[in-house]
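I have placed the structure first, in the form of structure tokens, so that the comments after it can refer back to it.
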Amino acid sequence: MYCEDHHQVIIYLLDFFNQSRNNNSLISFHSHDHRIFVDESSSSDHPSYSYLYILYEKLKDKMRKKHRIGFSTAFISKYSSPGFIDDLAYTDVKVSNHFNCLFVASESKCVYVSNLETRLIMFHFTLPEVNCLYVEEYEPGYGALDDSLFVSASSCIIKYSVSKLLKKGADKERSSQDEENLDVSDCEIWKITPTGCFYGMVSRYEKTNVNTKAERLLYVCDYHVIAGRILVINSENGNILKEISPPDFSPCGIDFDVYDNLVVSQNSTIIMILRKEANGDWKMRNELQFDASLVGLVCDRVNNRIIACSHSKNTVVVLDENGNAIKTFKEIMDPYDLCLDYRTGDLIVAFQHKLVIFE
């Protein structure tokens, strides 16, 4: 079957995806001269299988972009929170749009949960040495309708159910329970204790085998000055699948760019761009040089930009895909980490003693 009409292509791609989720037999797509051929007799081990899945993922991402808003780079402060938390320092911040909440980590071993709109703290829980956070938002068609919160704390990585955390917080409020004693262990999905010092995290769905369904993989930076690595973990069960460990590697911040590359900041002036090859290995594609060390990092996948924090220069810098600085915001308080709210286009930055939301 031959198809040039774009609407038909979308229908075939959606049909392919629905079939591939339910079983391992599916329609095979072939790329030739920028056209798509559908061969219903092809088996799922045909090389075009992977190509088709990539097409579907790109189509899905492109359609989602219509509902996403990138950061304007204007750095207009719409909210600043001196005294938001009477604490030593904020170390990370992440947002869950589905549950309208904000997670903030602090040096005092606390994770604070606040309302995204009012910024009022609903509750908090304590863990040993909280390093970083990551919110994995659910995708329609994959698993339960629940976000997940990942926390790296004192040589362990914990995955929590966001809906259970919020229910726990609501139950605490109704019972007037002392929030200092809030036990969230029953909200854990899994907990692993690999040796390391874990910072940035990011996840996405990938097909690790042409004959299996897509799995959500979690990429975790294990920072080490001499021999750092990125752990690749099955997000569903916490199994460590592999390591990515280029030479002279000290990863801190991590995200995927619009080209599906891994963009990794290090505790140095270098941002490393890694590309996944056909055999599944990640290889260095490029290095971006900056004039200061960069730690926290996020990719603006709407505008194809990299936004990173620099401790040494007290700045948040916006870079283009080639590493050129587009805009710089300087603040006397050290920026630790940051995240993007794609629903509003806001950039949320955890400075040392305050939380700032830029529009």
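Bear in mind that the values in this text are calculations on the coordinates, not laboratory data. The model shown is predicted, which means the values in this text are computed figures rather than measured ones. Cβ sites come from the backbone with ideal geometry, for glycine too, and all protein chains shown count toward neighbours.
How far, in nm, would the chain grow between GLU277 and LEU120 when pulled straight, counting 0.36 nm per residue and subtracting the alpha carbon separation?
This chain segment gains 52.0 nm when fully extended.
Under the classification rounded if a/c is under 1.5, otherwise prolate if a/b is larger than b/c and oblate if not, where does the stretch 128-278 fall, given a ≥ b ≥ c as square roots of the Cα gyration tensor eigenvalues?
Judged from the Cα gyration tensor, the stretch 128-278 comes out oblate (a/c at least 1.5, b/c at or above a/b).
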Next on the checklist: Cut-off is 10 Å between beta-carbons; in what order do THR328, THR91, THR195 appear when sorted fewest neighbours first?
Outcome noted: THR195, THR328, THR91
Checklist outcome for this item: The answer for ARG285, listing residues at least 5 apart or on another chain whose modeled amide H is closer than 5 Å to its amide H, is ILE273, LEU274, ARG275
Checklist entry - Using r as the Cβ-Cβ distance of SER312 and ASP257, and R0 as 22 Å, what FRET efficiency do you calculate, to the nearest 0.05? => result 0.35
Checklist entry - Plugging the Kirkwood radius over Cα pairs into Stokes-Einstein for the stretch 77-358, at a temperature of 37 °C and a viscosity of 0.692 mPa s, what D comes out in µm²/s? => result 172
Checklist outcome for this item: Calc'd 3J(HN,Hα), the stretch 92-109, phi into Karplus 6.51 cos²θ - 1.76 cosθ + 1.60 (θ = phi - 60°), Hz, glycine/Pro = x, comes to 6, 8, 9, 10, 10, 5, 4, 10, 6, 9, 10, 10, 10, 9, 9, 5, 8, 6
Checklist entry - Given a Förster radius of 41 Å and the C-beta distance between LYS191 and GLU139 as r, what FRET efficiency does 1/(1 + (r/R0)^6) yield to the nearest 0.05? => result 0.95
Next on the checklist: Spelling out what I want: for every residue of the stretch 319-325, take phi, set θ = phi - 60°, compute 6.51 cos²θ - 1.76 cosθ + 1.60 (Karplus), and round to whole Hz; glycine and proline get x.
Outcome noted: 10, 7, 5, 9, x, 7, 6
Next on the checklist: Relative contact order of the stretch 77-358, please, whole-number percent, based on alpha carbon pairs below 8 angstrom and at least 6 residues apart.
Outcome noted: 15
Checklist outcome for this item: Scalar couplings 3J(HN,Hα) for the stretch 185-202 by Karplus 6.51 cos²θ - 1.76 cosθ + 1.60 (θ = phi - 60°), nearest whole Hz, x for Gly and Pro, are 4, 7, 8, 6, 8, 7, 8, 10, 10, x, 6, x, 10, 9, 10, x, 9, 7
